[in-house]
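> I am attaching a structure below and will ask some questions about it afterwards.
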Amino acid sequence: MIDHRVGLETKTNIEPSASAVQRAIAVRAMTHIMGSVNNKDALDIACGDGVMARWLAMHGAKVIAFEESAEMLADARRVESEEPLGITYITADPTDMFEIEDTSFDIVTCCMSLERIDNLSAVVSEIARVIRLGGRFVFAVSHPCFSIEAESPTRTDYFVEEKKNGDPNGVKHRTISTYFNTLSARGFTVRRVIEPSAEGRDILIYPPAKKWIKTPVALAVEAVFPKL
């Protein structure tokens, strides 16, 4: 099953869903890109219930995590109180991180949440402000070219950037070029991209994932600051 605290398979009674398995696949891709984070100062933005923040802390990073949703942050803090890892959780808007000083972090992450933030330029500008020279921004979003059929309609116009299903609080589709050009405009260089698909382990816990073997379900990106 999926352990929502770390985004990986464990022996729990949590019922898997398409989105939970998609997140687990995205987490694997991001952690593969990041490699060692030991002794790094890390910021996890739009952290949700703390999946990525906990992975970072488990692997030796000093972690601060931001989340706007009080409900999601309560879940993250509950898990932190049960299994402390020293994570500092803050209720904050990732487009205006006034609590954070300039050049404070070696790595910034955002797992499957960047597509829920309306003002992409603002959040990337804030990341550029708080990240150190040579620092990395690693994120994953739902793959802009493909949909998870169980939870998303088939897109008929790739170039229309809008909220899926018309939900103002939902996922916003953006083109790959929008993500990359926004990063470049703020001084980042995209160094690595992974398009992860389902593996055997995913199918064991969620059999419908077999249709994702030949189709990427996420886009994971490593962007380095500054542009060299």
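Every number here is computed from the coordinates shown, using simple stated rules; none is lab data. Keep in mind that this is a model prediction, so the values were computed, not measured. For neighbour counting, all protein chains shown are included, and Cβ atoms are generated from backbone atoms with ideal geometry for every residue, glycine included.
> Can you tally the net charge around Ile33? Count Lys and Arg as +1, Asp and Glu as -1, for every other residue whose Cβ sits under 11 Å from the Cβ of Ile33. Can you show the working numbers first?
Values: positive: Arg28, Arg136, Arg191, Arg192; negative: Glu222.
Combined, the nearby Lys, Arg, Asp and Glu give +3.
> Pick from Ala53, Ala70, Ala29: which is most flexible by mean-square fluctuation in a GNM of the chain where alpha carbon atoms under 10 Å apart are linked?
Ala70
> Now for a different question. Using each residue's phi in the range 87-95, evaluate 6.51 cos²θ - 1.76 cosθ + 1.60 at θ = phi - 60° and report the 3J(HN,Hα) Karplus result to the nearest Hz, with x for Gly and Pro.
Whole-Hz 3J(HN,Hα) from phi for the range 87-95: 7, 9, 9, 10, 7, 7, 8, x, 8.
> Same structure, new question: How big is the dipole moment of the chain about its Cα centre under a simple scheme where the beta carbon of each Lys and Arg is +1, that of each Asp and Glu is -1, and everything else is neutral? Debye, nearest 20, please.
Working: 26 positive and 32 negative charges, 182 e Å.
Using only the charged Cβ atoms, the result is roughly 880 debye.
> Explain nothing, just compute: Karplus ³J(HN,Hα) = 6.51 cos²θ - 1.76 cosθ + 1.60, θ = phi - 60°, for every residue of the range 118-128 in order, whole Hz, x for Gly and Pro.
5, 9, 5, 4, 5, 5, 5, 5, 5, 4, 4
> Please arrange Phe146, Phe139, Phe159 by how many other C-beta atoms lie within 10 Å of their C-beta, fewest to most.
Numbers: Phe146 18, Phe139 27, Phe159 9.
Neighbour counts put them in this order, fewest first: Phe159, Phe146, Phe139.
> If you don't mind, there's one more thing I want to ask. With unit charges on the beta carbon (Lys/Arg positive, Asp/Glu negative), name the residue among Ser197, Pro84, His173 whose Cα is farthest towards the positive pole of the charge dipole of the chain.
Of Ser197, Pro84, His173, it is Ser197.
> Pairs to check: Lys62/Lys163; Lys172/Lys214; Lys163/Lys211; Lys40/Lys214; Lys163/Lys214; Lys172/Lys210. Give those whose C-alpha atoms are more than 31 Å from each other in this structure. Before the final figure, lay out each step's value.
Working: Lys62/Lys163 34 Å; Lys172/Lys214 24 Å; Lys163/Lys211 25 Å; Lys40/Lys214 35 Å; Lys163/Lys214 26 Å; Lys172/Lys210 26 Å.
In this structure, Lys62/Lys163; Lys40/Lys214 exceed 31 Å between Cα atoms.
> Report, in whole Å, the centroid distance computed from the Cα atoms of the range 180-228 and the range 37-86.
What the calculation gives is 21 Å, centre to centre.
> Just to confirm a number: summing +1 for Lys and Arg and -1 for Asp and Glu over residues other than Ile90 whose beta-carbon lies under 9 angstrom from that of Ile90, what do you get? Could you put the intermediate results ahead of the total?
On the way: positive: none; negative: Glu67, Glu99.
Net charge in that neighbourhood comes out at -2.
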